[in-house]
Amino acid sequence: MWKTIQPAPPDSILGLTEEFKKDQNPEKVNLGVGVYKDDAGNTPVLRCVKAAEKKLLETEKSKSYLPISGDPAYGAAVQRLILGTESEVISSGRAATVHAPGGTGALRVGADLIHKFNPKARVWVSSPTWANHNGIFGAAGFEIASYAYYNAASRGLDFDRMYSDLEKVPAGDIVVLHTCCHNPSGVDLSPDQWQQIVALAVKKGWIPFLDFAYQGFGDGVKEDRFAVEQFAGAGIDCYVASSFSKNFGLYNERAGAMTVIVPSEAEAGVAMSHLKTVVRTNYSNPPAHGGLVAAMILNTPDLHAMWLQELVDMRNRIVNMRKALVNGLAQQGVEGDFSYIERQRGMFSFSGWSEEVVNRLRANKGIYMVGGGRINLAGLTTSNIEYVCAAVAEAMKS
Ligand code: LMR
């Protein structure tokens with residue numbers, strides 16, 4: 001069969017890492033994949049994770065299968081984190097959560113679940129969006145459309161066009177929204193804008209599907225869940241794909257979750273039964289380790305406090321790198337107003353640099369960024385920032 005089949009193109013994000021590894025340039029810098037790095041350029045295992053793993057090693061008694069939906073303590077911890085401990089959704093039991101393999105797995109579980117009952121729905125993604133949204137929802141069988149989001153001229157949100165596009169989305173269609181730290185732009189909605197979008201969803205009857213992969217990287221764990229709380233409180237169906245990859249640094253443990261929020265406990269029970277069939281027919285039941293670690297940290301006060309501090313440290317380092325990039329570009333005499341980099345949130349900044357500049361940086365300087373010029377600020381360090389800024393100045397001139 002494979003003799004006549006053309007190879008698939010490399011993944012636009014993870015494929016870059018493969019290229020980066022092969023690059024012989026000793027000064028190379030990976031600003032591609034959304035992975036946190038410390039100032040030494042390493043992706044550390046968080047101290048709270050190491051401590052939890054130690055405890056787990058001592059106490060774990062079995063490697064037998066987890067339930068299809070995952071460890072119940074994990075699902076409960078996820079709900080408390082994404083909704084807040086005091087959430088009415090939790091006390092009413094009107095949410096169903098399954099442990100999915102990472103945020104991607106969660107998106108796919110949610111997509112397969114909806115497709116089972118609503119295959120004709122269209123899925124609306126922001127323009128631009130994380131490239132894999134198209135892949136995941138497309139693979140689940142959905143037709144995909146896009147709504148306005150980023151304004152290239154202002155380097156900010158085009159809220160009026162976003163709102164008017166979402167006003168036209170028919171009832172029953174799915175709208176994928178990045179709850180914080182929009183990927184790739186770093187441009188988020190204000191609380192007031194979120195409230196308007198929630199009211200629109202209620203009025204129009206389209207279904208919010210929230211991608212919540214960066215909780216804690218925007219303004220804080222609590223602040224970043226504002227949109228989730230608003231949608232959850234609106235009394236409509238709502239899907240939340242969350243992940244511990246970034247905020248716990250558990251990238252390769254694939255600890256994510258799909259949470260379905262519905263108006264009643266009875267509906268949550270029905271949703272859970274179907275979530276389980278989706279999981280069972282995809283990967284049977286989730287991998288245990290990452291979920292056990294995350295739940296242990298969230299449920300152990302001293303580890304929880306340690307995690308919150310480590311998260312603050314990661315967030316602050318990225319904010320500092322935003323400042324350093326703006327200053328560095330100015331020092332190198334790069335023309336333009338780069339203040340937008342400091343206004344954006346999360347790991348990314350969308351530079352909007354041309355393919356030519358992006359390719360030049362990669363070919364001549366070993367600086368890798370995603371097409372469209374998405375920069376992972378966490379790839380910048382105090383040691384490589386000058387090199388990167390000088391390279392950008394050169395690439396923009398030639
Ligand atoms: C990214 O956007 O770089 C991350 O979410 C990693 C990925 O899987 O694409």
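Miscellaneous remarks
- Long hydrophobic helices in the chain: the complete DSSP H runs spanning 30 Å or more by Cα along their own axis with mean Kyte-Doolittle hydropathy of at least -0.5 are 301-331.
- Relative contact order (%) - criterion: Cα under 8 Å, at least six apart; region: the chain: 26 percent
- Considering only region 81-167, percent of DSSP beta bridges that pair antiparallel, nearest 5: 25 percent
- Mean Cβ neighbour count within 10 Å, used as a protection proxy, ranking 359-368, 275-284 highest first: 359-368, 275-284
- Local net charge near residue 283, Cβ-Cβ under 13 Å (Lys/Arg +1, Asp/Glu -1): +3
- Fraction of antiparallel bridges per DSSP, the chain only, in percent to nearest 5: 50 percent
- When each of the peptides 142-149, 71-78, 301-308 is scored by the mean number of other C-beta atoms lying within 10 Å of its residues, the order from highest to lowest reads 71-78, 142-149, 301-308.
- Relative contact order of region 297-398, taken over Cα pairs closer than 8 Å and 6 or more residues apart, is 30 percent.
- Relative contact order for region 175-230: 49 percent, from Cα pairs under 8 Å spaced at least 6 residues apart, divided by residue count.
- At a probe radius of 1.4 angstrom, the accessible area of the chain per residue rounds to 44 square angstrom.
- When the Gaussian network model of the chain links Cα atoms closer than 10 Å, the mean-square fluctuations of 371, 333, 135 top out at 333.
- Accessible-area composition of the chain, carbon plus sulfur, in percent [1.4 Å probe]: 53 percent
- Length added when fully stretched, residue 359-residue 171, from 0.36 nm per residue minus Cα-Cα: 63.5 nm
- The peptide list 216-228, 86-98, 19-31, put in order of mean Cβ contacts within 10 Å with the highest first, becomes 216-228, 86-98, 19-31.
- Cα-derived Rg to Rh of region 32-117, Kirkwood definition: 1.03
- Over region 301-380, all Cα pairs binned in 10 Å intervals from 0 give whole-percent P(r) values of 17, 42, 27, 10, 4, listed from short to long.
The values are calculated or read from the model by the stated rules, or taken from the named source; none is laboratory data. Here the structure is a predicted model, which means the values were calculated and not measured. Cβ coordinates were reconstructed from backbone atoms using ideal geometry, including for glycine residues, and neighbour counts include every protein chain displayed. Ligands, DNA and RNA are excluded from the accessible area calculation, which covers all protein heavy atoms including side chains. Shrake-Rupley method; radii C 1.70, N 1.55, O 1.52, S 1.80 Å.
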